[in-house]
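The values are calculated or read from the model by the stated rules, or taken from the named source; none is laboratory data. From a predicted model like this one, the values you see are computed outputs, not experimental measurements. Quick reminder, even Gly has a Cβ in these numbers, built from the backbone with ideal geometry, and neighbours come from all protein chains shown.
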Amino acid sequence: MSALRIGTRGSELALAQAEEVRALLAAEGAEAELVPITTSGDEGTPEAGAPITAGDERRKALWIDGILESLRDGEIDLAVHSAKDLPAEDEDDVVIGAVPERADPRDVLILAAEREPGPGVRIGTSSLRRRSQLLAAYPGVQVVELRGNVPTRLRKVAGGEVDGAVLAAAGLARLGLEPEGARELGVDVMVPAPGQGALAVQCRAGDRSTQAVLTVLDHRPSRLAVGTERALVRRLAGGCSLPLGAIAAAKRDTVRLAAVVGAVDGSRIVSAAAEAHEPERAVALVAEQLLERGGGELLDGARGA
């Protein structure tokens, strides 16, 4: 069998994620090579460069469009993404062939020297989910817009453009970065984005041979957890740009799901949790609780922000 071609964006983190999958395949005796691909988002189209509005999944797709096109055209065999960056709706002709064991799903707060999260401290993030929970957890902080890749955001903290930033623990670990002033945020402070910390390996729906190879990489508890979180996003018609956090864990024959929806200004956080034998049941219970407690209004407010 010829080497599998793994499509990935060319950013440092995307390459590290793809290399992680390549190494896992190699450990199972399957040869693979990385194929960097430029997406519309990488090319800096006017649409991609504009601020992402709440719930705008179309702009989100700009960061994976070139990879999916190459996968469909047979130019690559696999595509590696951060699971949290995939649109909530699955493609008809493309499937997630594997979800390897998930890395740490939590967020990390990076603070400049001698800074603490309090009144007047400027913390950067472009995520409404992080903004909402930061403002709720640390009254008085100023949340400012912060974009760019992981090294860029860290440089902006070091350079004094902001006093702090929130980043994913998994991204830092995959880049081998251990910045000073880092503190992990427990889910009692900040519930992560659905799929955060996990990788999703896509392949063509009709490519049975590649799907068979990918089965050795699939970590069932991670797949169940990520699938449950993504199902909640679909149930609430949400997206990565809404102030929705969700984290699931699959143990033995049960799935536990916890989620929050927050007001963009941090003035209100609605939470819910449930445990069930079937992921669909856990999703239904959590969605019902969130909506009963006003989560729907908060999501509608974020969409109109």
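Q202 meets the conditions (1) in contact with a helix residue (DSSP H, G or I) (Cβ under 8 Å, 6 or more places away or on another chain); (2) in a helix (DSSP H, G or I) in every case but one. The failed one is (2). If you check A170, A165 for being of a type outside the set (F, W, Y), within 19 Å of the chain's Cα centre (by Cα), surrounded by 19 or more Cβ atoms within 10 Å (Cβ to Cβ) and within 18 Å of R122 (Cα to Cα), only one passes: A165. A count restricted to region 177-203 and to residues that are over 25 Å from L15 (Cα atoms) and surrounded by fewer than 19 Cβ atoms within 10 Å (Cβ to Cβ) stands at 6.
Considering region 272-283 alone, what residues qualify as being in contact (Cβ under 8 Å) with a residue 24 or more places away in the chain and either under 26 Å from D300 (Cα atoms) or buried (at least 17 other Cβ atoms within 10 Å of the Cβ) (or both)? If the condition is that a residue be in contact (Cβ under 8 Å) with a residue 24 or more places away in the chain and either under 26 Å from D300 (Cα atoms) or buried (at least 17 other Cβ atoms within 10 Å of the Cβ) (or both), then P279, E280, A282, V283 are the ones that fit. Looking at I67, I76, I110, just one residue is at pLDDT 90 or above and assigned to a helix (DSSP H, G or I), and that residue is I67. Among the criteria (1) surrounded by fewer than 20 Cβ atoms within 10 Å (Cβ to Cβ); (2) hydrophobic (A, V, I, L, M, F, W, C); (3) modelled with pLDDT under 95, the one L86 does not fulfil is (1).
Taking region 83-99 only, how many residues are touching a Cys at 6+ places or on another chain (Cβ under 7 Å) and part of a loop (DSSP other than H, G, I, E, B)? Number satisfying all stated conditions: 0. The single condition among (1) of a type outside the set (K, R); (2) modelled with pLDDT under 95; (3) part of a helix (DSSP H, G or I) that A136 does not satisfy is (2).
Could you tell me whether Q196 is more than 30 Å from E114 (Cα to Cα) and among the polar types (S, T, N, Q)?
No; evaluated as a whole, the condition is false for this residue.
The residues listed here are P151, P139; of these, the one that is of a type outside the set (S, T, Y), in contact (Cβ under 8 Å) with a residue 12 or more places away in the chain and under 15 Å from A263 (Cα atoms) is P139. Only residues that are under 25 Å from P221 (Cβ atoms) and polar (S, T, N, Q) were counted in region 245-275, giving 2. Taken together, V286, V216 contain a single residue that is farther than 23 Å from S126 by Cβ, surrounded by fewer than 21 Cβ atoms within 10 Å (Cβ to Cβ) and of a type outside the set (S, T, Y), which is V216. Here are the criteria: (1) surrounded by fewer than 18 Cβ atoms within 10 Å (Cβ to Cβ); (2) out of contact with any Lys or Arg (no Cβ under 9 Å at 6 or more places or on another chain). Tell me which single one Q133 does not satisfy. Failed condition: (1). Taking every residue in region 252-271 that is within 11 Å of R129 (Cβ to Cβ) and pairing it with any residue that is surrounded by fewer than 19 Cβ atoms within 10 Å (Cβ to Cβ) and among the acidic types (D, E), at least 6 positions away or on another chain, yields no pair with a Cβ-Cβ distance below 7 Å.
Number of residues in region 152-187 that are farther than 16 Å from R130 by Cα and assigned to a loop (DSSP other than H, G, I, E, B): the value is 10.
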